[in-house]
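A short write-up of the structure that comes next.
The values are calculated or read from the model by the stated rules, or taken from the named source; none is laboratory data. Model, not experiment: these values are computed from the prediction. Heads up, the Cβs are rebuilt from the backbone with ideal geometry, glycines too, and the neighbour counts pull from every protein chain shown. Areas reflect the complete protein model, heavy atoms only, side chains present, ligands, DNA and RNA absent. Shrake-Rupley method; radii C 1.70, N 1.55, O 1.52, S 1.80 Å.
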Amino acid sequence: MTGYPMRRPMRKPLAKALPMAFAGGFMMLLSMPALAAGDAAEDAERWDLLHDMYFKDRPVEEAGDRMRIDAPARAHDAALVPVRVEVDPSLHLKSLSLLVDKNPVPMAATFRYGPASAGSTIETRVRVNEYTNLRAVGETQDGRLLMTRVFVKAAGGCSAPALKDPQEALARLGRIKVKLPETAGAAGSPADAQLLISHPNASGLQFDQVSRTYIPAHYIQSIAIRVGGQTVLEADTDISISEDPNLRFSFVPVAGGSLEVTAQDTKGATFSQTVPLTAGGAQGGG
């Protein structure tokens, strides 16, 4: 009996609070379509800007099931977001552009395919600076542009500190490693390869806690891959590509040939590696 008078006055505020809470939740639900519409409008406006910036007045079509992007909906590490652009084997592209809409430099890379390419599917890792659409735009041999996109939830990737100690990174700067299957020596049979380049790929947005200054941008800006003198792939890359660039691609081996890789960074340094196809397995700078 002594506790009842103390509890009773609480019922009235609670009775008032519950309808208010329900009303607030209801109003939030009503506002969600408006928020989604706002986001869609912002995304469309940004794409219009990027379209004009990179593709000018050329029409860009939806790729449908001919192209798709495999990337995490919510990235574990915004500085190392794995991205795989799968392209229908019958769709032999001239080039493929990878864009991260809301990054400081949206164009992460443009890949141009050569006669020794065995397919247009590409896999790499990118930095994601904030929640954004990630797009792939493929150019067909007859000049059409096809696009696919996914939404990725990640933030801070462009300003995230490097994983490696600066001295260690400098000691390994430009080392190239190529991983090949054991069957890579079979002439004419398509083979997959993985290329890894040791490089900090500094974005210019990373803050050095010791010097209290921003680390100057220093990144791989071009990669050329050839086999038996024929071009497999050429790439122009920028700060949206992650530290230690990692690239998977397909090529057509040449009997007795080698896979030749050349990369250049923004300081003018050139790095190269030649891997005989007969050995297969992992080759290169380790």
So what are the ³J(HN,Hα) numbers for region 79-91, from phi and the Karplus equation (6.51, -1.76, 1.60; θ = phi - 60°), rounded to whole Hz, Gly and Pro as x?
-> 8, 9, 9, x, 9, 10, 9, 8, 10, 3, x, 6, 9
So what's region 105-256 giving for Rg/Rh, alpha carbon basis, Kirkwood Rh from the mean inverse pair distance?
-> 1.01
Taking only the alpha carbons of region 53-94, what extent do you get along each of the three principal axes, in Å, biggest first?
-> 35, 29, 17
Taking θ as phi - 60°, what are the ³J(HN,Hα) couplings along region 188-204 by the Karplus curve (6.51, -1.76, 1.60), each to the nearest whole Hz, with x for Gly and Pro?
-> x, 9, x, 9, 9, 9, 10, 10, 10, 10, 7, 6, x, 6, 4, 7, x
How much net charge surrounds L134 when only the other residues with a Cβ under 10 Å from the Cβ of L134 are counted, with Lys and Arg +1 and Asp and Glu -1?
-> +2
Sorted by chain and number, the residues with a modelled amide H under 5 Å from that of A108, at a separation of 5 or more or across chains, are L98, L99, V100
Taking placed amide H atoms and a strict 5 Å upper bound, the residues 5 or more places from H92 or on another chain that come that close are none
Do you know the relative contact order of region 42-149, to the nearest whole percent, from alpha carbon pairs under 8 angstrom that are 6+ apart?
-> 32
For region 247-252, in residue order, the Karplus 3J(HN,Hα) values (coefficients 6.51, -1.76, 1.60; θ = phi - 60°; whole Hz; Gly and Pro = x) are 9, 10, 7, 10, 8, 9
The alpha-carbon center of region 63-86 and that of region 91-139 are separated, in whole Å, by 10
Between T183 and Y54, 0.36 nm times their residue separation minus their Cα-Cα distance comes to what?
-> 42.6 nm
On the full set of protein chains, 1.4 Å probe, figure out the accessible area of R58 and give it in Å² to the nearest 10.
-> 90
Which value in nm describes the separation of the simple spin-label points at Q141 and D165, placed 7 Å from the Cα toward the beta carbon?
-> 5.2
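Under the rule a/c < 1.5 gives rounded, and otherwise a/b versus b/c splits prolate from oblate, where does region 123-173 land using the Cα gyration tensor?
On the way: a/c = 5.02, a/b = 1.78, b/c = 2.83.
Oblate shape, in that a/c is at least 1.5 and b/c is the bigger or equal ratio.
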Given H placed on each backbone N at 1.01 Å, which residues far from A118 in sequence or on other chains put an amide H within less than 5 Å of it?
-> S250, F251, V252
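Rounded to two decimals, what ratio of Rg to Rh does region 205-286 give with C-alpha atoms and a Kirkwood Rh?
Rounded to two decimals, Rg over Rh is 1.08.
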